[in-house]
Each structure stands twice: as C-alpha cells, then as structure tokens.
Amino acid sequence: MSNKEYKVCTNCVMDTTDSKIVFDENGVCDYCNSYYNDILPNWNPDNNKENELMEIAKKIKREGSNKPYDCIIGMSGGMDSSYLTYIAKEKMGLRPLIYTVDTGWNLNVAVENIEKIVKKLDLDMYTEVVNWKEMQDLQLAFFKSQVPYQDFPQDHAIFAGLYNYAVKNGIKYVLTGSNIATECVRAPIEWVYLNDIVLMKDIHRKFGKVDLKTFPMCSMFKYRLYYAYIKGMKRVAPLDYIEYDKAKVEKELNEIFGWEKYENKHYENIFTRFYEGYYLPIKFGYDKRKCYFSNLILTGQMTRNEALIKLEENPYDEDLMKSDMEYIAKKLGISVDEFITIINGENKSYKNYKNSLSMIELSIKVAKMVGVEKRNFR
C-alpha cells in the first residue's frame, strides 16, 4: 500500500489503496476522468445498439452455418455469463456451445444457475474438469509466493481452457460477458495483475511440486495474437450493445430461469469469496468492492452515498469466513494453522518474480492507440 495521505475520489469510491491513483483539482480520480473522456463518448449506455448486435449475429450465423455450433460461451453461473447466454440464444438467435470449467471450488448455487439456464434454453454443454492435484499444487504455490493475485490460477484455467477448446474445435466466435456497464473501472495491476504466464510458471517453479502436465495454459499473446490473427478466433462482447442494468438483469434472470444472485460479484465461487472477502482486504488492504461499486456509480446504477454505506459493511460473515478457511485449507492439503502462517507471511508482488509486464504494458498501449482498449490500465 502507498504511504501517501489517504484520499478518496469525490466522484466514485476509488482511493489511495491504489498507490498510483491520481486526482485532479476537484478531487476526481483518473478512473472517472478516463471514463468520461475516453469511454463514454464511444459508449452510451442509453443508446441501445441492438441493430449493430443483430448484424454481428447475422455474421456469426453465416460463418458457422455448417458447424454444430456457431459460437462458444464460457459460463460460470454469475450474472454476466448467464445473461449473455440468454441474449445469445433468445435475442441473437445463435447456437452456442456452453463451456464450463470445474476448478473444484464452485458453489452449488452457481452449478444450479448453469443447469437452469442450459436446460431452459435447450443448449449443449461441455465441462472441463481441471486435474485437481495440479490445481491444488499451483494454488498452494501462489499462496506461498505471498502475492495478492490468488485467483490467477483459477482464472487462467477458465480462460485458457475456453480459448484452447474453441480453437481446437474450430469454433471461431467466443462470446464474452465482459462489459463496460459493470467493468469500466479495472482493479489496478498491483491488486489483481494480468494474465502473465511467465509469472505463473516462475511461482510454480519456486514453490510447486507437481508437474502441470494437463493444466490449461494460454498466454495473453497467444490468444490476442496467434489465436486472433493466425487461427481467426474472434471475441465478441454482446452486452456492450444492449442496455445492461444490473438490477433489471437480476430480476429478469430470476423471473425467467429462477436464477439466484450472490452477495457480491464473483461470489459464486468459494475460493474467490475467501480471496476477495478476506485475503485481499486483510493481508493487503485491497477491497475490490471499491472497483465494482465505482463502476455502478459511473454508469448510474448506484449512488456514491449508497456505495460508501455498503463499504462500511463487512463483506464477509465471520463465521462463514472461518468455515471457508477450514474448507480451503483442507482442500489444499494443509492445516488451518499452516494456512494462517502462510497468509501472515511477508507481502510480495509480481516484482519479486519473473514476469512479462513490460511486454504486456506495450501491447495494452498499442491497443489503446488503435482504439481497441479504452479503459484505464495501471
């Protein structure tokens, strides 16, 4: 964390727990200014772009007409991927294959949400089960490395598996639930880092014991360059072409599918719930709710005062946290005392390990120059 005086944005709720945050003369942070200056002029949440979306749908259907599926969707059971699946099938008229990953941590509510939607929409689903011994070893290695980004192994397995499967099976279009409405404020790199396979391999080399023979791997350069320009894989974000109001979407999903919401974004997963609700804020002082709420403030779905009040609330019931900690420790093959000792170790970051951040930052800079990326990265 930064040693500079604590300060919170006067417009959203991002603050100096992001050590590189910058405020203007009115106390407004660079996340907000980036949104107003770089994102909003090119994305108007009140301007429904359904006609553009339908043109994209026609192209996807045309190019996938002779294949079993014209696109693929990675589904977690969370709101974004659930609504994306509904839009793809019912609004766009596509024939998606639903791809899920069993990392060993999903809650029953997430699994049930997936099953409800897949069954109601009569879709085919493929589930990739990650080798647990490899996942266990990699996640324990990450804890021993003392870095903040403990969800990296799980996130990487999910996205690498999805992209690898799509290319291997000739599915050109990957539909993603990524969207500006709830993700225009990205957590800073010091909180979550990026898809850096060099970092992952170095941490595992130092602290791991099991060979990652089957663990899904795909670097950012592989899927953004090789898969995109050589293999022709296209990523499409349909939720940016429609009105995407969180409260309305939750209500619609519940009424149509009986979908159940979670306490916080990404809490459909036991490991992520513990990581975001306890590990990050207690060990590092990073509260990702500040990013989530700031997104909703900027897109008019929450007031700043509402966000400040919610931030005063404990994000994680203490009894549930203790139960989750015991469960996670047991699944990782260590005692709770060993787990606590690891968590209380000296904090470290990507700077302590081999990484390819300079190359990733260069690719992001190029993406922003050509207009592919508008959001603020640091």
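The values are calculated or read from the model by the stated rules, or taken from the named source; none is laboratory data. This one's a predicted model, so the numbers in the text were calculated from it and none came from an experiment. Note that each Cβ is placed from the backbone with ideal geometry, even for glycine, and that neighbours are counted across all protein chains shown.
One table, with the values for the structure above:
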| quantity | calculated |
| --- | --- |
| Qualifying residue in the range 196-219 (condition: in contact (Cβ under 8 Å) with a residue 40 or more places away in the chain, part of a helix (DSSP H, G or I), within 30 Å of LEU94 (Cβ to Cβ) and under 19 Å from the mean Cα position of the chain (by Cα)) | no |
| Counted residues, the range 190-201 - those being crowded, with 20+ Cβ neighbours inside 10 Å and aliphatic (A, V, I, L, M) | 2 |
| Selected residue (only one of ASP15, ASP24 is modelled with pLDDT of 95 or more, closer than 12 Å to SER294 by Cβ and not hydrophobic (A, V, I, L, M, F, W, C)) | ASP15 |
| Which listed residue is out of contact with any Cys (no Cβ under 7 Å at 6 or more places or on another chain), surrounded by 15 or more Cβ atoms within 10 Å (Cβ to Cβ) and either on the phi > 0 side of the Ramachandran plot or of a type outside the set (Val, Ile, Thr) (or both), from LYS248, LYS310, LYS322 | LYS310 |
| Within the range 22-35, considering residues that are within 27 Å of the chain's Cα centre (by Cα) and free of Cβ contacts under 8 Å to residues at least 12 places away in the same chain, the one surrounded by the fewest Cβ atoms within 10 Å (Cβ to Cβ) | VAL22 |
| Pair list, Cβ < 6 Å and 6+ apart or interchain, from the range 95-107 residues that are within 30 Å of ASN66 (Cα to Cα) to residues that are assigned to a loop (DSSP other than H, G, I, E, B) | ARG95/TYR69; ARG95/ASP70; LEU97/TYR69; ILE98/MET75; ILE98/LEU123; THR100/MET75 |
| Residues that are outside any helix (DSSP H, G or I), at pLDDT 95 or above and over 20 Å from ASN169 (Cα atoms), drawn from the range 88-103 | MET92, GLY93 |
| Some residue of the range 149-171 being in a helix (DSSP H, G or I), basic (Lys, Arg) and closer than 28 Å to LYS351 by Cα | no |
| Yes/no for PRO41 being surrounded by fewer than 20 Cβ atoms within 10 Å (Cβ to Cβ), under 24 Å from the mean Cα position of the chain (by Cα) and modelled with pLDDT under 95 | no |
| Among residues of the range 202-221, those that are buried (at least 17 other Cβ atoms within 10 Å of the Cβ) and either of a type in the set (Lys, Arg) or within 26 Å of VAL236 (Cα to Cα) (or both), counted | 5 |
| ASP122, sole failed condition from (1) at pLDDT 95 or above; (2) in a helix (DSSP H, G or I); (3) out of contact with any strand residue (DSSP E or B) (no Cβ under 7 Å at 6 or more places or on another chain) | (2) |
| The one condition in (1) at pLDDT 95 or above; (2) under 25 Å from TYR327 (Cα atoms); (3) assigned to a helix (DSSP H, G or I) that ALA110 fails to fulfil | (1) |
| Selected residue (only one of TYR286, TYR278 is under 24 Å from CYS29 (Cβ atoms), aromatic (Phe, Trp, Tyr) and touching a residue at least 40 places away in the same chain (Cβ under 8 Å)) | TYR286 |
| Residue count for the range 124-157, restricted to those that are without any contact (Cβ under 8 Å) to a residue 60 or more places away in the chain and surrounded by fewer than 19 Cβ atoms within 10 Å (Cβ to Cβ) | 7 |
| Conditions (1) within 29 Å of VAL8 (Cα to Cα); (2) surrounded by 18 or more Cβ atoms within 10 Å (Cβ to Cβ): number failed by PRO238 | (1) |
| Looking only at the range 56-92, and only at residues there that are over 17 Å from THR176 (Cα atoms) and among the charged types (D, E, K, R), the one that is surrounded by the fewest Cβ atoms within 10 Å (Cβ to Cβ) | ARG62 |
| Filtered residue count, the range 289-306, keeping only those that are surrounded by 18 or more Cβ atoms within 10 Å (Cβ to Cβ) and under 21 Å from GLU243 (Cβ atoms) | 10 |
| Hey, SER323 over 20 Å from the mean Cα position of the chain (by Cα) and among the hydroxyl-bearing types (Ser, Thr, Tyr) or not | yes |
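Table: residues versus (1) in contact with a helix residue (DSSP H, G or I) (Cβ under 6 Å, 6 or more places away or on another chain); (2) not small (Gly, Ala, Ser).
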site	(1), (2)
TYR99	yes, yes
GLU134	no, yes
LYS144	yes, yes
PRO148	yes, yes
ASP151	yes, yes
ALA160	no, no
ASN164	no, yes
VAL185	yes, yes
